[in-house]
Structures are given as structure tokens and as C-alpha cells.
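Engineer: Before we start, here is the structure in question, set down as C-alpha cells.
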Number of protein chains: 2
Amino acid sequence: MDQVDVFIFDCDGVIWRGDSLIDGIPDTLEKLRAAGKRLFFVTNNSTKSRKGYKKKFDSLGLSNVPAEEIFSSSFAAAAYLEKTQFAATNKKVYVIGEVGICEELDLIGVPYLGGPADKDSVADMGPGGMLHVDESVGAVVVGFDRHVNYYKIQYAQLCINELGAEFIATNLDAVTHLTDAQEWAGNGSMVGAIKGCTGKEPTVVGKPSPLMIDYMEQKFGFDRSRICMVGDRLDTDVLFGKDNGLKSLLVLSGVTSEEKLLSPDNKIKPDYYAETINDFFSPVPAESKA
Amino acid sequence: MDQVDVFIFDCDGVIWRGDSLIDGIPDTLEKLRAAGKRLFFVTNNSTKSRKGYKKKFDSLGLSNVPAEEIFSSSFAAAAYLEKTQFAATNKKVYVIGEVGICEELDLIGVPYLGGPADKDSVADMGPGGMLHVDESVGAVVVGFDRHVNYYKIQYAQLCINELGAEFIATNLDAVTHLTDAQEWAGNGSMVGAIKGCTGKEPTVVGKPSPLMIDYMEQKFGFDRSRICMVGDRLDTDVLFGKDNGLKSLLVLSGVTSEEKLLSPDNKIKPDYYAETINDFFSPVPAESKA
């Protein structure tokens with residue numbers, strides 16, 4: 001605890017599971033705040049904006065979490081566009097994704113096309129037909145989109161291949177947890193579709209990109225060696241922490257079992273691990289049990 | 001001519017451009033037939049079956065071309081399933097793609113789901129919702145699909161990730177020529193979407209896969225050194241010929257200019273090149289002009 005000023009929490013599997021808060025979390029967060037720690041909550045889910053996530057936190061009884069502590073990948077996309085001074089180009093963004101990305105673009109005053117508005121759009125594919133794109137598109141942001149369709153794919157393809165628009169992905173997660181009943185195809189599908197017709201690799205702004213840590217360092221002046229990444233996944237959360245020079249804590253309240261963590265096959269070792277973040281105040285050093 | 005028994009023609013840019021036959025083609029094809037040559041017509045477009053392409057040949061005045069000479073990637077997918085004795089597994093195929101793939105599967109008696117039937121399907125994404133898949137799916141065939149949607153992507157994801165179904169792609173073309181007015185996102189998008197949510201690489205059955213040449217060798221006993229691949233693209237058609245030990249002829253009636261062919265940057269050299277296949281009887285050896 002003495003070595004950490006800032007905790008970054010992955011949400012699903014750490015704070016909640018699907019739509020259910022994990023027991024004891026509100027008390028633990030309050031204890032950390034009382035001890036003077038800064039808290040951030042990150043999610044690669046881009047379907048909600050910070051404001052949209054704030055509502056989810058409120059509904060789960062975590063109304064003490066302000067929108068400013070929430071780093072959704074929709075916000076990360078907007079933060080990246082701010083950092084690269086996209087607004088100064090007077091260009092627009094084409095969105096494959098849901099309302100979260102659009103709300104974040106509204107907040108930074110960047111105009112956009114696509115997203116939910118193109119849910120039912122169909123290109124003219126008859127003889128001589130074409131899809132007309134707005135030539136002022138300078139970037140394509142691709143996030144999870146349950147209404148992805150051929151029109152959106154073709155629009156993005158033309159913007160990237162013909163207008164030279166930048167290709168930005170909120171994240172590359174193969175699967176996501178739309179519902180608890182099964183795994184669902186994630187934004188890896190939407191990004192893969194655009195990679196497959198452009199041959200281009202995107203700039204990724206969510207985990208495991210270092211952008212968020214760069215942002216915190218610049219905005220708040222944090223020392224990254226005193227930040228601890230807390231997550232339930234070895235190959236995203238813990239790796240993200242290690243790759244960015246952060247401390248890392250794995251919790252067993254999500255997808256990773258203690259057996260998997262301690263298996264000789266697992267090469268990704270967190271600094272600490274615990275059953276849940278409620279055990280934060282007495283985490284077990286990974287080495288002592290491994 | 002003496003060194004070649006079999007000509008394999010790419011169609012678009014060689015036989016026709018979009019919906020227009022290139023002048024003089026019927027006479028040239030007849031001359032080749034009269035000289036005892038075997039002719040095949042290949043296309044990576046999977047939206048039509050052999051039978052569907054036969055109609056296109058007929059409508060362009062090439063009614064002498066029988067369906068058996070047409071190798072669409074929809075047929076290639078069916079030929080691959082026959083070669084691997086898929087029918088003996090009593091499993092089904094899930095199709096992302098259009099009617100061409102379905103018609104070819106009907107011809108080999110392999111049952112399938114998806115394709116045009118899932119054009120408007122929507123998964124239950126409400127709380128606790130899930131998409132129920134038919135557990136007898138043993139392969140997913142992914143071809144160009146202008147009605148691709150999230151339901152189809154999720155269905156394919158579950159079949160591949162959870163049922164262990166084989167992932168088969170008709171082709172990986174980044175762009176395709178749905179209309180002459182612009183380039184359109186190709187099957188690279190649909191395949192990219194499934195790669196992105198499974199982390200798996202597909203078995204590709206269309207160009208540049210060697211499957212078609214293996215098929216011709218086995219079925220007709222051709223000597224591949226006496227086959228000539230004729231196409232308008234260096235990086236697909238000519239490369240396909242070279243990689244498979246065939247002779248290659250580039251025609252300038254499609255996307256490749258003589259300037260590009262002869263540029264020092266181009267490392268892919270055909271054995272011959274000509275303005276159109278009408279110049280077949282007097283092709284210019286590439287070396288003499290290069």
C-alpha cells in the first residue's frame with residue numbers, strides 16, 4: 001500500500017460480474033479513498049461514454065465514483081484525438097461503433113458521421129452504383145458495434161483507402177461479455193473487418209495500448225512506478241501493467257483461476273494476487289505462494 | 001502454344017470488365033478450343049455458383065462455356081469439403097456468404113445453415129440472452145456477404161471457438177468489383193471479422209491457394225508444367241501461377257499497366273504478357289521487352 005498512490009481497476013471480474021456488483025466493493029473503495037489513494041476504472045467496452053458508465057456505477061450503488069475516474073475506450077478514442085489535435089484539422093470522424101463513442105466526440109467538439117445513424121444504411125450496389133463518402137473524413141474510429149453492416153465497412157474502407165483517413169481502434173478484444181450466458185464476438189471482429197479490406201493496422205487506444213498511462217502521467221503528473229493495475233486477466237490486465245512499468249495485482253474474482261496463475265505454463269506473473277479487491281489490505285505476494 | 005495444354009483464365013479484366021465482354025474474346029476462345037486446348041475460368045467471387053456463372057457467360061454471348069469449366073471460389077469450397085470427406089462426418093456447414101456457396105453445397109449434398117437465411121437474424125442480447133447454435137456444425141465457410149451482420153459473426157465465433165468447427169475462407173481479397181464505379185470491401189472483411197474474434201487463420205480455397213491446381217491434377221491428370229495461368233494481376237494471378245509451377249501470362253486489359261509490369265519495383269515477372277488474350281497466338285516474351 002505504501003508503494004502505491006494510484007489504483008487502476010479493470011471493471012468486469014473486479015468490480016462487478018456482468019450486472020452484479022461483487023460483495024464488499026463499496027467499502028473497499030471507500031477505505032482506499034480514505035487512505036488518500038487515487039482510483040481509476042478502466043474498461044475496453046466502448047459502447048458507453050464516461051457519462052453512460054457513471055449511470056452503471058450509480059445503479060450498482062457506486063455513486064461515489066465520478067465520471068472523471070472512468071476510462072472507457074470510447075473516452076480513450078476522444079483523448080487520443082485531443083492529443084493529436086484532430087479538431088484543428090477541421091475534419092470529421094467516421095464511426096463504426098455505438099453511442100458511447102459519439103457522446104465522447106460531442107464532448108470534445110469533433111463532428112462525426114456513421115455509428116448508430118448508419119444502422120440501416122444500404123449502399124447502392126446496382127449497375128454503376130456507388131457509396132458517396134464525405135470527403136472531409138479524416139479518421140475512422142472502430143469500436144464494438146452490434147449493428148455492424150456492409151455499408152459501414154465499405155464507408156470505412158473508402159475513407160481509409162481513398163481519403164487516407166487514420167484508422168483508430170478502441171480495442172482488439174476477441175470476445176466480450178454482452179451477457180453472462182455466453183462469450184460474444186468482440187471488437188476484434190469489427191476491427192478485423194476493416195483490417196481485412198484495407199491491409200492496414202489500426203492505432204489502438206484502449207488496453208493494452210500505453211495511451212491511457214501517458215494521458216494520466218501528463219494530465220495528473222503521476223509517477224507510473226507508483227500506479228498499480230488491478231485486473232482479472234493475465235494476458236491483458238497484468239501484461240498491460242507490466243508492459244507499462246506499473247505494479248500489478250491479479251484478482252481471482254473473474255476469469256483467471258489460482259491454478260492457471262500458478263501453472264508452470266503461465267509466464268505472466270503479477271506482483272500480487274488476491275481473491276478479490278476486498279483483500280487489498282492484505283495482498284499475498286505472488287512469489288510467496290508460487 | 002506448343003508448351004501449353006490447359007489455359008486457366010481469370011475472368012474480370014481478362015474475359016470481361018464489369019458487365020462488358022472484352023472485344024474479340026469469343027473468337028479467341030474458339031481458336032484455342034479448335035487447337036485442342038482445355039480452358040478453365042476462375043474467379044474468387046463466391047456470390048454465384050458454377051451454374052450462376054454459366055448464366056453470366058451465356059448473357060455475354062459465351063454460351064460455349066460449360067459450367068464444368070468454371071471454377072468459382074464457391075465451387076472451390078465445395079470441392080475442398082468433398083476432398084476432406086466432410087459429408088461422411090454427418091455435420092453441417094454454417095455459411096457467411098451468398099447463394100453461390102449454398103447452391104454448391106446443395107450439389108454435394110452437404111446440409112448448411114446461415115447465408116441468405118440469416119440476413120435479418122438478431123441474437124437475444126438482453127439480460128441472460130444468448131445465441132443458440134446447432135451443435136452439429138462442423139465447418140464455417142466464409143465468403144463475400146453484402147448482408148453480413150453481428151448475428152452471423154457471433155454464430156461463426158461460437159461454432160469455431162466452442163464447437164471446434166473448421167474455418168474455411170473462399171478467398172481473402174481486400175477489395176472486389178461489385179460495380180464499376182468504385183472499389184468495394186471484399187471478402188477480406190468478412191474473413192477478417194472471424195479472424196478477429198477467434199484468433200484463428202482460415203483454410204483458403206480460392207486463389208492463391210493451390211487447391212484448384214491439385215484438384216485439376218487429380219481429376220483430369222493434367223501436367224501442371226503444361227498449364228498456363230492467364231490474369232490481369234501480378235500479385236494474385238501471376239504469383240498464383242508461379243507459386244504452383246504453372247506458366248503465366250499477364251494481360252494488360254485489366255488493372256496492371258505495362259509501366260507497372262516493367263518497373264524495376266515489380267519483382268513478379270510473368271512468362272509472357274500481351275495486351276489482351278486476343279494476342280494469344282503471338283504473345284511477347286516478357287524478357288524481350290523488359
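Residues checked against (1) of a type in the set (D, E, K, R); (2) surrounded by 13 or more Cβ atoms within 10 Å (Cβ to Cβ):
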site	(1), (2)
B:Thr28	no, yes
B:Ala34	no, no
B:Lys37	yes, yes
B:Lys48	yes, yes
B:Phe57	no, yes
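Engineer: In the set B:Thr170, B:Thr179, which member is crowded, with 20+ Cβ neighbours inside 10 Å and either modelled with pLDDT of 95 or more or under 29 Å from B:Leu39 (Cα atoms) (or both)? Even if it seems obvious, please write down each step before you answer.
Structural biologist: Numbers: B:Thr179 fails: crowded, with 20+ Cβ neighbours inside 10 Å.
Just a single option satisfies the conditions, and that option is B:Thr170.
Engineer: Can you report the number of residues in the stretch A:234-252 which are aliphatic (A, V, I, L, M) and assigned to a loop (DSSP other than H, G, I, E, B)? Please lay out each step first, then the result.
Structural biologist: Our first condition is that a residue be aliphatic (A, V, I, L, M); within the stretch A:234-252, this holds for A:234, A:238-239, A:246, A:249-252.
Those still in the list that are assigned to a loop (DSSP other than H, G, I, E, B) too: A:246, A:252.
So the count comes out to 2.
Engineer: Hey, does the stretch A:131-149 have a residue that's within 30 Å of A:Met229 (Cα to Cα), part of a loop (DSSP other than H, G, I, E, B) and facing chain B (nearest Cβ under 7 Å)?
Structural biologist: yes
Engineer: Sticking with this structure for a sec: Go through A:Ser189, A:Ser225, A:Ser257 for me and flag whichever is surrounded by fewer than 16 Cβ atoms within 10 Å (Cβ to Cβ), closer than 19 Å to A:Asp12 by Cβ and of a type outside the set (D, E, K, R). If you could, list the steps in order and put the result at the bottom.
Structural biologist: Numbers: A:Ser189 fails: surrounded by fewer than 16 Cβ atoms within 10 Å (Cβ to Cβ); A:Ser225 fails: closer than 19 Å to A:Asp12 by Cβ.
Going through A:Ser189, A:Ser225, A:Ser257 in turn, the sole match is A:Ser257.
Engineer: Identify the single condition in (1) modelled with pLDDT of 90 or more; (2) over 17 Å from the mean Cα position of the chain (by Cα); (3) assigned to a loop (DSSP other than H, G, I, E, B) that B:Asn45 does not satisfy, given that it satisfies every other one.
Structural biologist: Condition (2) is where B:Asn45 drops out.
Engineer: Let me ask something else. For B:Thr176, all conditions in the list (1) among the hydroxyl-bearing types (Ser, Thr, Tyr); (2) farther than 28 Å from B:Asp279 by Cα; (3) in a strand (DSSP E or B) hold save one; what is the number of the exception?
Structural biologist: All conditions pass for B:Thr176, except number (2).
Engineer: State all residues of the stretch B:153-167 that are in contact with a Gly (Cβ under 9 Å, 6 or more places away or on another chain) and more than 11 Å from chain A (Cβ to nearest Cβ); if no residue qualifies, say none.
Structural biologist: Passing the criteria: B:Cys159, B:Leu163, B:Gly164, B:Ala165, B:Glu166.
Engineer: List every residue pair whose Cβ atoms lie under 8 Å apart, where the two residues are 6 or more positions apart in sequence or sit on different chains, the first residue falls within the stretch B:217-244 and is of a type in the set (Val, Ile, Thr), and the second residue, located anywhere, is in a helix (DSSP H, G or I).
Structural biologist: B:Ile227/B:Ile213; B:Ile227/B:Met216; B:Val230/B:Asp237; B:Val230/B:Ile277
Engineer: Being more than 11 Å from every other protein chain (Cβ to nearest Cβ), modelled with pLDDT of 95 or more and farther than 30 Å from B:Ala156 by Cα is the requirement here; does A:Ser225 meet it?
Structural biologist: On the way: more than 11 Å from every other protein chain (Cβ to nearest Cβ): yes; modelled with pLDDT of 95 or more: no; farther than 30 Å from B:Ala156 by Cα: yes.
It is false that A:Ser225 is more than 11 Å from every other protein chain (Cβ to nearest Cβ), modelled with pLDDT of 95 or more and farther than 30 Å from B:Ala156 by Cα.
Engineer: How about the stretch A:18-42: which of its residues are part of a helix (DSSP H, G or I), more than 30 Å from A:Glu183 (Cβ to Cβ) and either at pLDDT 95 or above or not small (Gly, Ala, Ser) (or both)? Steps first, answer last, please.
Structural biologist: Looking only at the stretch A:18-42, we keep the residues that are part of a helix (DSSP H, G or I), and these are A:25-34.
Restricting the remaining residues to those that are more than 30 Å from A:Glu183 (Cβ to Cβ) gives A:27, A:30-34.
Passing the criteria: A:Asp27, A:Glu30, A:Lys31, A:Leu32, A:Arg33.
Engineer: If you don't mind, another one. Identify the residue in the stretch B:216-233 that is in contact with an Asp or Glu (Cβ under 9 Å, 6 or more places away or on another chain) and part of a helix (DSSP H, G or I) and, among all such residues, is farthest from B:Ala76 (Cα to Cα).
Structural biologist: We begin by selecting, within the stretch B:216-233, every residue in contact with an Asp or Glu (Cβ under 9 Å, 6 or more places away or on another chain); these are B:217, B:222-224, B:226-233.
Subset that is part of a helix (DSSP H, G or I): B:217, B:224, B:226.
Working: B:Glu217: 14, B:Arg224: 18, B:Arg226: 22 Å.
Among residues in the stretch B:216-233 that are in contact with an Asp or Glu (Cβ under 9 Å, 6 or more places away or on another chain) and part of a helix (DSSP H, G or I), the one farthest from B:Ala76 (Cα to Cα) is B:Arg226.
Engineer: Collect the residues in the stretch B:199-211 that are buried (at least 24 other Cβ atoms within 10 Å of the Cβ) and within 12 Å of chain A (Cβ to nearest Cβ), keeping them in residue-number order.
Structural biologist: none
Engineer: For the subset of the stretch A:199-216 comprising residues that are touching a residue at least 60 places away in the same chain (Cβ under 8 Å) and among the hydrophobic types (A, V, I, L, M, F, W, C), which member is nearest to B:Val175 (Cα to Cα)?
Structural biologist: Selected residue: A:Val205.
The values are calculated or read from the model by the stated rules, or taken from the named source; none is laboratory data. Being a predicted model, the structure only gives us computed values, none of them experimental. Note: ideal-geometry Cβ built from the backbone for every residue, glycine included; neighbour counts use all protein chains shown.
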